[in-house]
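Report on the following structure.
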Amino acid sequence: MYEVISGCRSCGSTALEPILSLGQVPLADGLVDPSTMNGPDSRYPLDVVFCGECSLVQLLQTVSPDVLFDETYVYFSSFSDELLRHSRENAERLIASRGLGQTSLVVEIASNDGYMLRNFAERRIGVLGIDPAPGPAQAAEAIGIPTIRRFFGTELAKDLRAEGKRADVVIANNVLAHVPDLGGFVEGIRIILKDEGMAVIEVPYVKDLIDRCEFDTIYHEHLCYFSVSALVPLFGRHGLSLNRVEHYPIHGGSLRLYVGARENVEDSVRSYQEDERRCELTGSRYYRDFASRVRSIQADLLSTLRGLKEEGHSIAAYGAAAKGTILLNSTGIGRDLVDFVVDRNVHKQGRLMPGVRIPIDDPARLVRDLPDFVLLLAWNFKDEILAQQSEYRRRGGRFVVPVPEPTVV
Ligand code: JHZ
């Protein structure tokens, strides 16, 4: 069910040094349907390594994408207002800066439920979504976003080009890290991009992950954890140039990469490279104390929750996020501590968190049941969720935010 890599996912080097092991954990988005479950949920080892050659941080194991993104995959992007706002701003800037109009084509890889492309379609700009997950793809089509239900790589890119389709803009948000054939994916982008076109790619930034100890964003869907230093040679190998880098707070800290076939490298790229060299992110030393910091957050969180429970408090959790599965399972937080998880995504409600099998319910239950504490699994949307739960908080409910260190708010 999974393979172990023998060389770096980007450069092929065998100089891979271990950084962190999160043990055997279930698939982060493998929410359990109580009506069909039988036997315990499958678990897979989760080990992170650093490439001494090109500095790419990556997983040792690859679980097949067919297993990860099948009909049970119920991550829908449109359930966060903050993500929708972030995406709309990105689209509006691209429409203006690229002069996009009715004859343009915007292709989005991992277009999910159409959360991003709808911004272009509303302005009658040509759009094409690509997403293999049936549920989200169907939702996109329901709002008029044509969606190809296939995995993206050189093969699909060649098919599209043979049909005469080439993109003015390729958008690929939170998908580069998900691809086992990294080179094939980047090559595919080069194939479908017009010579003057631009690919706009968002990836979580490995520096934020390490600095803020966001260990729960490590899971089998995320095969790579990118720095600018590791990305420049990756694009370069496929005739693409990383021309600009911007930083955004979304998903705990992400980079937006502007990539083109034409080389036009701006200062932002050089300044990230210099900064990463200066702080030694390009060497394994940067990652040396990461595992011990993770263990200490886990121990701290577990003792906080156990302490609350011993004092007679009830505890729920907010956000049936992929990262929630990892936090709960790798820390050992089960039904003995957390009674239920709430999530706005109706496709997640009624299911169980993988491994720990905690039931998922509607957020309205917080005000109804008034648990004393809520563990915030979707900590990346802290401001949005705290604002939305003002009534629960007004009635005395408190949130436990797990990272960068367990805090009660
Ligand atoms: P969220 C996702 O991971 C999916 P996840 C994916 N693996 C990826 O790469 C990363 O993002 C970057 C819910 N919610 O988005 C919605 C509310 O209920 O942080 C989600 O189920 N109410 C492709 O799953 C969950 O919380 C709200 O008000 O870790 C958040 O999951 C809000 C804002 C969210 O990512």
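The values are calculated or read from the model by the stated rules, or taken from the named source; none is laboratory data. For clarity, every value in this text was computed on a predicted model and none was experimentally measured. For neighbour counting, all protein chains shown are included, and Cβ atoms are generated from backbone atoms with ideal geometry for every residue, glycine included. SASA here: full protein model, heavy atoms, side chains in, ligands and nucleic acids out. Shrake-Rupley method; radii C 1.70, N 1.55, O 1.52, S 1.80 Å.
So, residue 272, is that one within 25 Å of the chain's Cα centre (by Cα) and either part of a helix (DSSP H, G or I) or polar (S, T, N, Q) (or both) or not?
yes
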Just to be sure before I move on: is residue 199 outside any loop (DSSP other than H, G, I, E, B), within 15 Å of the ligand (Cβ to nearest atom), open to solvent by less than 10 Å² (accessible area, probe 1.4 Å) and modelled with pLDDT of 95 or more in the structure I sent? no
Restricting attention to segment 256-269, which residues are part of a strand (DSSP E or B) and in contact with a helix residue (DSSP H, G or I) (Cβ under 7 Å, 6 or more places away or on another chain)? 257, 259
Among (1) within 15 Å of the ligand (Cβ to nearest atom); (2) free of Cβ contacts under 8 Å to residues at least 60 places away in the same chain; (3) open to solvent by 20 Å² or more (accessible area, probe 1.4 Å), where does residue 309 come up short? (1)
Criterion: closer than 19 Å to residue 9 by Cα, open to solvent by less than 40 Å² (accessible area, probe 1.4 Å) and in a helix (DSSP H, G or I) - qualifying residue of 156, 234, 242: 234
Considering every residue within segment 202-223, establish whether at least one is away from the ligand (no atom under 15 Å from the Cβ), in contact with a Phe, Trp or Tyr (Cβ under 6 Å, 6 or more places away or on another chain) and not aromatic (Phe, Trp, Tyr). yes
Quick one: how many residues across segment 275-303 are open to solvent by 20 Å² or more (accessible area, probe 1.4 Å), assigned to a helix (DSSP H, G or I) and touching a residue at least 12 places away in the same chain (Cβ under 8 Å)? 7
Given the conditions (1) buried (at least 17 other Cβ atoms within 10 Å of the Cβ); (2) among the hydroxyl-bearing types (Ser, Thr, Tyr); (3) under 19 Å from the mean Cα position of the chain (by Cα), and given that residue 64 satisfies all but one, which numbered condition is not satisfied? (1)
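Counting only residues that are surrounded by 15 or more Cβ atoms within 10 Å (Cβ to Cβ) and not hydroxyl-bearing (Ser, Thr, Tyr), give me the helices (runs of 4 or more DSSP H) lying completely in segment 332-405 with at least 2 of them.
Those helices (runs of 4 or more DSSP H) span 364-369, 382-388.
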Selection count, segment 107-153, where residues are touching a strand residue (DSSP E or B) at 6+ places or on another chain (Cβ under 6 Å), surrounded by fewer than 21 Cβ atoms within 10 Å (Cβ to Cβ) and acidic (Asp, Glu): 1
If residue 145 satisfies every condition in (1) under 21 Å from residue 91 (Cα atoms); (2) within 16 Å of the ligand (Cβ to nearest atom) but one, which is the exception? (2)
Scan of segment 70-86 for residues that are open to solvent by less than 30 Å² (accessible area, probe 1.4 Å) and either hydrophobic (A, V, I, L, M, F, W, C) or over 30 Å from residue 387 (Cα atoms) (or both), ordered by number: 74, 76, 83
Which one of the conditions (1) assigned to a helix (DSSP H, G or I); (2) closer than 19 Å to residue 104 by Cα does residue 172 fail to meet, given that it meets all the rest? (1)
